[in-house]
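Novice: First the structure, then my questions, so here it is.
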Amino acid sequence: MSSRLFKILWAVLSVVLSLSVTAKELPNFNLLDTRETNVELYGARGKAVALFFTGTGCPIARKSVSKFAKLERDYAAQGVDFWIVNSYAEESMRDIQKEIGRLKLREMTYLLDSKQTVAYAYDVNRTAEVILIDTFTWEAVYRGAIDNQMTEGTEKPRASEHYLKTALDQLLAGEEISTPRTRSVGCIISYPQVSATDEAPDYATQVAPILQKNCVECHQPGAIGPWSMTSHRRVSNYSAMMEEVLLTRRMPPWDPHPGYGDFLNDQSLTREEEHTLLSWIKAGNPKGDSHDPLTDPRPKLPEWRMGNPDAIIKLPEEQKIAATGIEPYRYVEVDNPFDEDVWISGFDVNPGNHSVLHHVILYVRWPGVPESNGKLGQFFYGWAPGASSLKYPEGVAKLLPANAKLTLELHYTTIGEPQTDMTEMAIYLADGPQERIGQTRSAINTRLDIPPGENDARHTATYAFKKPATIYGLFPHMHFRGKWMRYELLLPNGKRETILHVPRYDFQWQLSYYLKEPRHVPAGTWLMVTGSFDNSVGNPNNPDPTKRVVFGEQSWDEMFIGFFEAADDPEPSVAMGR
């Protein structure tokens, strides 16, 4: 081959490589770091983000990461974020922390890509690869090796080309990146094998079943999802959006830290399921020649998730919601469907209008009732978007006395046009008196003070267990500025135990977390709930970052309530009953 032809081919190849790096906006992602903090790519506020992909034990990554750390020291002040991304599957935190300590990385942002979804979506095949992202366009302007010191099986005494440093200097100077891509030589990253061949996963037998199992319940006509998964064509149209919500962990809506708690209603996807979907999307959403399972008629959505209830609480009249403005809380007295004492083992809500119903709470009052909410009486059950049905285990129920007065608290939001609502609440009865009386309790802080512009305003609330009790479920509640919330037990023996940590609180999905194994606590235990609010411009949901925020009922105010379901141990000398 002549030198002239070689130069022409090399020039063409360089253009192709350049286009492959810069032509596509990278999808957003959310990952937890080793401090259990949620980190979002699109939340970066600097001029650029540099990612370094790694895994514990890889010698090339270990030798290279010190150079990455030095670049952080040199360039962080110029508005560049440097993030290490561990993309080995199911790494133990002990091994990760040991390596962080040995390599002196404790001051760096170290992200956990434990399902390998970010590395896979970003086409990272080896450790020690770096990707430099321009935060103005969210495009990769450079990817490859930090420098040219490392090669397969050997290394030079020193680097003669400093690729990442050169790219940083050119990006910050507003210049074109002279070398947008180089070859990485780290350890190969192994991804789950989701297809028997090198072809894309089969839509009919692999992709559609995952969607039917985990997504279609909400994404079908009449359900809460904003669009319906009724065919391959519909899913294909939204495939890029599906990739984004998987990488940002917005879907399926499930936010607890995987290191704490084991919950009955876990809605997360497995590593293999996520890679099946991402691999299919990356391949262009092929349908194949098989029948489309999503077009099959689906069973009609059940009116009630737990089956036919024993009684239904109905609103006495249709609620009318204005097109605009502020809707104050409504307190509607409803009929008690029972004229005798009953023991309630479960509740559910059928929202009449998902688009405007913010929450509904049932309060019950009777002579001598502990007034957990003033004259309304006792908090019995609450629903918000994402909440699960309440179902107590055998032996636990709420006592509803005969002729108790029932009040529904309804909060609506306006959407630009008049709406109506006829929400209903279902009651499921236990078979007679139960050994334990279930209660919805809370650790609450009403003395909130959230300064304007503050992105990490921390608050705490506590609850004291005066009697031995069992905890069944946990329900964090904040508003638009809510950032994270953690439930911890402070035990009488001095031990401290986290039973739930939600690193990324989402006001749109106020989920319920029911423990697979209810947690018994001795008398003298304290439940401590800590959390944080983001009142900065960096919070896209913030109604007004210039406002000092206090406790209030409306969504632009704030709340800090750690709800939980619990029941005291039965008194051995007291007969069962009222």
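Just so you know, all these numbers are worked out from the coordinates, no wet-lab data involved. None of the values given here were measured: they were computed from a predicted structure. When we count neighbours, we look across all protein chains shown, and the Cβ atoms used for this are built from the backbone with ideal geometry, even at glycine.
Novice: Which one, Ala159, Phe465, Trp138, projects farthest toward the positive side of the charge dipole computed for the chain from Cβ point charges (K/R +1, D/E -1)?
Specialist: It is Ala159.
Novice: If amide hydrogens are placed 1.01 Å from N in the peptide plane, which non-local residues have theirs closer than 5 Å to the one on Thr109?
Specialist: Residues meeting the amide H criterion: Ile84.
Novice: Once fully extended, how much extra length lies between Glu340 and Glu571, figured as 0.36 nm per residue of separation less the alpha-carbon to alpha-carbon distance?
Specialist: Values: separation 231, 0.36 × 231 = 83.16 nm, distance 2.37 nm.
Going from the current span to full extension adds 80.8 nm.
Novice: Would you kindly state how much longer the chain becomes between Glu25 and Ile224 on full extension, computed as 0.36 nm times their sequence separation minus their alpha carbon distance, in nm to one decimal? Display every interim value, and only then the final one.
Specialist: Values: separation 199, 0.36 × 199 = 71.64 nm, distance 2.95 nm.
Between Glu25 and Ile224, full extension yields an extra 68.7 nm.
Novice: Shifting gears a bit: Which lysines, if any, have their Cα less than 22 Å from the Cα of Lys300, not counting same-chain residues under 8 positions apart?
Specialist: Lys213
Novice: Here is a follow-up. Between the DSSP loop rule and a limit of at most 14 other Cβ atoms within 10 Å, which trypsin sites (Lys or Arg not before Pro) in the range 481-510 are left?
Specialist: For trypsin sites (Lys or Arg not before Pro) across the range 481-510 that sit outside H, G, I, E and B with at most 14 neighbouring Cβ atoms in 10 Å, the list reads Lys495.
Novice: Given Phe475, Gly453, Thr546, which one lies farthest toward the positive end of the charge dipole of the range 438-578, if we put +1 on the Cβ of every Lys and Arg and -1 on the Cβ of every Asp and Glu?
Specialist: Ranked along the dipole, the leading option is Phe475.
Novice: Specify the angular offset, from 0 to 90 degrees and rounded to the nearest 10, of the alpha carbon long axis of helix 3-22 from the longest principal axis of the alpha carbons in the chain.
Specialist: 10 degrees
Novice: Compute, for the chain, the length of the dipole vector about the Cα centre, with Cβ point charges of +1 (Lys, Arg) and -1 (Asp, Glu) only. Units Debye, rounded to 20. Show your work: numbers first, answer last.
Specialist: Working: 60 positive and 74 negative charges, 382 e Å.
It works out to roughly 1840 debye.
Novice: Could I ask something else about it? Nearest 20 debye, what's the magnitude of the dipole of the range 302-434 about its Cα centre given +1 on Lys and Arg Cβ and -1 on Asp and Glu Cβ? Mind dumping the intermediate values first?
Specialist: Details: 9 positive and 18 negative charges, 73 e Å.
Rounded to the nearest 20 debye, it is 360 debye.
Novice: Among Pro337, Leu527, Trp83, whose Cα lies farthest out toward the positive end of the dipole of the chain, if unit charges sit on the beta carbon of Lys, Arg (+1) and Asp, Glu (-1)?
Specialist: Checked the options; the winner is Trp83.
Novice: Can you bin the range 478-560 into rounded, prolate or oblate? Criterion: square roots of the alpha carbon gyration tensor eigenvalues sorted a ≥ b ≥ c, rounded for a/c under 1.5, prolate for a/b above b/c, oblate for the rest. Write out the running numbers ahead of the final one.
Specialist: Values: a/c = 2.75, a/b = 2.18, b/c = 1.26.
Prolate.
Novice: For the modelled label position 7 Å from the Cα of Glu497 along Cα-to-Cβ, which residues of the range 441-480 have backbone nitrogen atoms closer than 17 Å?
Specialist: 463-474, by backbone N distance to the label point.
Novice: Which of rounded, prolate or oblate describes the range 190-287 when judged by the alpha-carbon gyration tensor and an a/c cut-off of 1.5? Walk me through the intermediate numbers first.
Specialist: On the way: a/c = 1.88, a/b = 1.14, b/c = 1.66.
In terms of gyration-tensor shape, oblate.
Novice: Could you rank the peptides 389-400, 31-42 by their average count of other C-beta atoms within 10 Å per residue, with the highest value first?
Specialist: Put in order of decreasing packing, that is 389-400, 31-42.
Novice: At a 4.7 angstrom Cβ threshold, list every cysteine in the chain that has nobody to pair with, or say none.
Specialist: Cys215, Cys218
Novice: What FRET efficiency comes out for Tyr331 versus Asp292 if R0 is 51 angstrom and r is the Cβ-Cβ distance? Round to the nearest 0.05.
Specialist: Step by step, r from the Cβ atoms, then E = 0.60.
Novice: Ok, one more. Each residue of the range 381-395 in turn: what ³J(HN,Hα) in whole Hz from Karplus with 6.51, -1.76, 1.60 and θ = phi - 60°, glycine and Pro shown as x?
Specialist: Listing the rounded values in order: 6, x, 10, 9, x, x, 5, 8, 5, 9, 9, 6, x, 4, x Hz.
Novice: R0 = 51 Å: FRET efficiency of Glu107 with Ser178, Cβ-based, nearest 0.05?
Specialist: So, using R0 = 51 Å, E works out to roughly 0.95.
Novice: Another question, if that's okay. Using a Förster distance of 56 angstrom, determine the FRET efficiency expected from the C-beta separation of Lys314 and Ala196, and round it to 0.05. The partial results should precede the final answer.
Specialist: Numbers: r = 54 Å, r/R0 = 0.96.
For R0 = 56 Å, the calculated efficiency reads 0.55.
Novice: Charges only on Cβ, +1 for Lys and Arg, -1 for Asp and Glu: so what's the dipole of the range 494-578 about the Cα centre, in debye to the nearest 20?
Specialist: Approximately 220 debye in magnitude.
Novice: Given the Cα-Cα distance of Asn125 and His520 and 0.36 nm per residue of separation, how much length would full extension add, in nm?
Specialist: In short, 137.6 nm is gained.
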